[in-house]
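The values are calculated or read from the model by the stated rules, or taken from the named source; none is laboratory data. Quick caveat: nothing in here was measured; it's all calculated off a predicted structure. When we count neighbours, we look across all protein chains shown, and the Cβ atoms used for this are built from the backbone with ideal geometry, even at glycine. Note: accessible area is taken over every heavy atom of the protein model, side chains too, but ligands, DNA and RNA are not part of it. Shrake-Rupley method; radii C 1.70, N 1.55, O 1.52, S 1.80 Å.
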Amino acid sequence: MNSGKDYKNLNKGNIPVYGTGGYMLSVNRALSNENAIGIGRKGTIDRPQYLIAPFWTVDTLFFLTVKNQNDLKFFYALFQKINWKKYDESTGLPSLSKSTLNNIFLKNPNYKEQKKIGLLLSQIEVLITLQQRKLRYLSAIKKSLLQNMLVDNDLRPELRFTKFSGNWEQHKISEMAKRLDNLRIPVTASNRKKGDIPYYGANGIQDYVEGFTHKGENILIAEDGANNLDNYPIRLVKGKIWVNNHAHVLKAYKNCTDIQFLEFELKKLNIYKYLVGGSRLKLNADILMNISIKSPTLKEQKKIGFMLSLLEKNTIFQQRKLNKLELLNQFFLQHMFI
């Protein structure tokens, strides 16, 4: 068990300095030339860090090195299972002491088995880290394309497919799509008949039922009940669906509107500024249909909509891969340790 130290008398360099929140900056000297596990002494005490030497830690971060015939990666995985807050010794800012840490009893197998378990779980963690990085890149690409391929105040986008030119035109949503709210049918939980058709409300699928109210390609936009969400619920759905009276339903006019393009134009809007009402805000149908957006020719719409849709599908696919890796990691952590 080793203590961190103040780094302020050191010069800038290429040795990373770690605190309880992770990497802070780089200096010219190392506190350890041996890989270790960082454990918070004060502040964040429940997030062990795998520290690759050489490194320096501040005085709020202990670092643990293993003795002979013990595998560091195994203990790093094992530390993920410990309820560190149980050992908190403070009534204020969470804190741990060396004596407390040294007196925690752990159950571990022989060195050979430790190596096997540690290697497996470290490889899964590397895959999770790479998958998280991939998702961040995809998110950055999507954000950039939405900003540069769709227009706000200008009439021409910053980024454009070749062979397209000219100004975009402004249209009300009512000129680009028709509203099919009249087909919505609310069904209470008590009289729903279970089936395989998704039953949509304001915030997504609530159930699966028999029958349907809409089919084909439609955009669902929450009418009410979406006050406290970070992203206003807007989704393109395909096939047969049942929609209750808490979501607007739009169907694009195929002669002038690409529905995928319209979906991303709507998602780019700040819908919250159009909501009306008191404690339960609502997106009024007439207000929705009178919102103006800018759009190019149908051919250019299709190009933009197709590309952004592919990017979104890939993002969803990569998020599912990350979820599966995290579940796999959780499973092993639960079943490979005593």
**Asked** Once both axes come from the Cα atoms, what is the angle between helix 111-149 and the longest principal axis of the chain, in degrees from 0 to 90, rounded to 10?
**Response** 30
**Message:** If packing is taken as the average number of other Cβ atoms within 10 Å across a peptide's residues, how do 138-145, 39-46 rank, most packed first?
**Reply:** 39-46, 138-145
**Fill in**
For N314, the net charge from surrounding residues (Cβ-Cβ under 12 Å; K, R +1; D, E -1) works out to +4
**Request:** Could you state the accessible area per residue of the chain in Å², with a 1.4 Å probe and every protein chain left in place?
**Result:** 58
**Request:** Using just the helices of the chain, give the 222 nm mean residue ellipticity in deg cm²/dmol: DSSP H runs with n ≥ 4 each add -39,500 (n - 2.57), and the total is spread over all residues, rounded to 500.
**Result:** -10500 deg cm²/dmol
**Message:** To check my understanding: the extent here is largest minus smallest coordinate of the Cα atoms along each principal axis. What are those three numbers for the range 71-221, in Å, largest first?
**Reply:** 71, 52, 40
**Message:** Could you tell me how many cubic angstrom of Cα convex hull volume the range 213-338 has per residue?
**Reply:** 154
**Prompt:** Hey, what do the phi angles of the range 80-89 turn into as Karplus ³J(HN,Hα) couplings, whole Hz, using 6.51/-1.76/1.60 and θ = phi - 60°, x for Gly and Pro?
**Reply:** 5, 8, 6, 7, 5, 5, 5, 9, 4, 9
**Request:** Add +1 for every Lys or Arg and -1 for every Asp or Glu among the other residues with Cβ under 15 Å from the Cβ of A226, and state the total.
**Result:** +2
**Message:** As I understand it, the value is the acute angle between the Cα axis of helix 298-335 and the longest principal axis of the Cα atoms of the chain; what does it come to in degrees, rounded to 10?
**Reply:** 30
**Message:** Report the per residue volume, in Å³, of the convex hull enclosing the C-alpha atoms of the range 211-271.
**Reply:** 85
**Message:** Below 11 angstrom from the Cβ of R160, what's the summed charge of the other residues (Lys, Arg +1; Asp, Glu -1)?
**Reply:** +1
**Prompt:** Which percent of the accessible heavy-atom area of the range 162-236 goes to carbon and sulfur, probe 1.4 angstrom?
**Reply:** 45
**Fill in**
Computed over the chain, the convex hull of the Cα set has an average projected area, in nm², of 25.1
**Request:** With the Cα gyration tensor of the range 18-59 in hand, convert its eigenvalues to equivalent ellipsoid semi-axes via √(5λ) and list them largest first in whole Å.
**Result:** 17, 11, 8
**Request:** Give me the lysines in straight-line cross-link reach of K194: C-alpha distance below 27 Å, same-chain residues under 8 apart excluded.
**Result:** K215, K238, K240, K251
**Size-normalised alpha-carbon gyration radius of the range 1-100, reference 2.2 N^0.38 Å** = 1.06
